[in-house]
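Each remark here refers to the structure printed beneath this line.
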Amino acid sequence: MKNIIPTRIINLKHRTDRREHIEKEFGGRAEFSIEVIEACEHHIGAIGLWQSICRIISTASQKDWPYVLICEDDHQFTEEYSPDYLMDCIAKCEAEGGDVLLGAVSWFDSALPVNDKLHWVAKFTGTQFMIIYRKFYEKILSADFGVGDNADYKIASLTTGKYFTSKPVSTQIYFGYSDVTARNAQEGRLEELFGDSVNGIDMLRIVSNYYQKEINDVQKKIPDYDLSQICLPVFIITQPETYRDRIIQEFSRKPEFEVFFIETGKNGECTNIDRWEGIREAVRMGKERDEDLIIICNDNHIFTADYSKEYLFDHIIKAHYQGIDLLLTGCRSFYRAIPVAPSRYWVAGGTAAPFLVIFKKFYDRLLEESFDENVKPSELINELTFNKMLIYPFISSSVDDQHIFEETRLNFAELEEASTRYFWPQLQHTVVI
């Protein structure tokens, strides 16, 4: 075989069952030059794993390998694996300037198709089959790693050049315990994780295909609007006797909004039920007024520097014609986002959105939903509909958590950059809105 993949397998000395498994797994596979190395032991398993990875990377750097495959001893090849497929993926990842190629992920937050072999990924878990390229060696060796860190999250944070094979070539076998993550020791947990990952990729593909198919028809439906004639109803959920001057100031000199206050809670406390009732009251008022949409606003909302009337209205109008129920304008965290129009993303979920647009067709669903104290309103709203989008750049943040919103903004900026590079060029033949 022309190309032999330098491969190092991490194994704790006393885990003889794992060593026997992994040697059988690689047995007869001439495309790999394997060596089982003794894992660095640490009372914190994640630190021991990172030290083992760094030791392998140090060897790869000294030997000037173009890349090295690092395997954990619970790796198992899938039926999708073939030498030619893997070598093709390695070559295409290198051509993309990649730093890391994963044979599968057990979890990811957002991913984008790059070509027929690769997906770009943001955050991920799963390092049991991981190819590290030469130009990334020094970045790993110089990285800080301490208590609370995990190898997969750390690697994801060190580079934007991270990819996984579109067809998973690796999974993890269950041994009844985990040397790194205690939760993974639960029977069936690993199979569930990798199954969810594959299903998540399929879900993003379905969402992407749906909106790509509809996008031309949507463009034709949108009439011209006189924005000067539009005034959006905003319902600010607040507690009685709350200091309102700050939030009133946020909406001053913004005649595009008609502001209402909805008081909820008592004695300085606002329970989940109180907050849900406040949201329901806003929806009832919107329905009675026959509003096409309402905006639910927390009293900790603050507009970002990216806010403009034209920017918000443009997204509201176009999202409406895409048939959505919810439009998030900023959030504390998001989960599985995929672009559906420039600066607008479908999301599986987004938490703590302080400025939330709710469209008319979603009113009844919210009013009919039962609720109890154990459910968080923001989580329930997310669960009630598949049709939700998030705009980026964000126009809303929180005065209480501005640093967290900023971290989320930076994470989204990485996704936006990847979308510009990989996603939209594939749709150049498509009219986008």
Problem - Filter result (of a type in the set (F, W, Y) and either surrounded by fewer than 17 Cβ atoms within 10 Å (Cβ to Cβ) or without any contact (Cβ under 8 Å) to a residue 40 or more places away in the chain (or both)) within region 128-147 - result: F136
Practice task
Would you mind finding the one in T7, T16 that is of a type in the set (S, T, N, Q) and touching a residue at least 24 places away in the same chain (Cβ under 8 Å)?
Solution key: T7
Fill in the blank from the handout: Here the residues within region 255-278 that are at pLDDT 90 or above and acidic (D, E) are E256, E258, E263, D274, E277
Problem - Identity of the residue in region 264-320, in a helix (DSSP H, G or I), hydrophobic (A, V, I, L, M, F, W, C) and in contact with a helix residue (DSSP H, G or I) (Cβ under 7 Å, 6 or more places away or on another chain), that ends up nearest to S396 (Cα to Cα) - result: F313
Exercise for the section: Look at A30 and say whether it is in the same structural domain as S170 (by TED's automatic domain parsing), of a type in the set (A, V, I, L, M, F, W, C) and exposed (fewer than 12 other Cβ atoms within 10 Å of the Cβ). Expected result: yes
Exercise for the section: For region 57-72, state whether one or more residues are assigned to a helix (DSSP H, G or I) and buried (at least 18 other Cβ atoms within 10 Å of the Cβ). Expected result: yes
Problem - From L293, L312, residue being surrounded by 23 or more Cβ atoms within 10 Å (Cβ to Cβ) and assigned by TED's automatic domain parsing to the domain that holds D400 - result: L312
Completion exercise
Restricting attention to region 375-430, the residues that are under 21 Å from G161 (Cβ atoms), small (G, A, S) and surrounded by 20 or more Cβ atoms within 10 Å (Cβ to Cβ) number exactly 2
Problem - The lone exception for D274 - which of (1) crowded, with 17+ Cβ neighbours inside 10 Å; (2) in contact (Cβ under 8 Å) with a residue 24 or more places away in the chain it fails - result: (2)
Completion exercise
Of the residues in region 96-113, those that are farther than 23 Å from S333 by Cβ and buried (at least 22 other Cβ atoms within 10 Å of the Cβ) come to G98, D99, V100, L101, G103, A104
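The values are calculated or read from the model by the stated rules, or taken from the named source; none is laboratory data. Quick caveat: nothing in here was measured; it's all calculated off a predicted structure. When we count neighbours, we look across all protein chains shown, and the Cβ atoms used for this are built from the backbone with ideal geometry, even at glycine.
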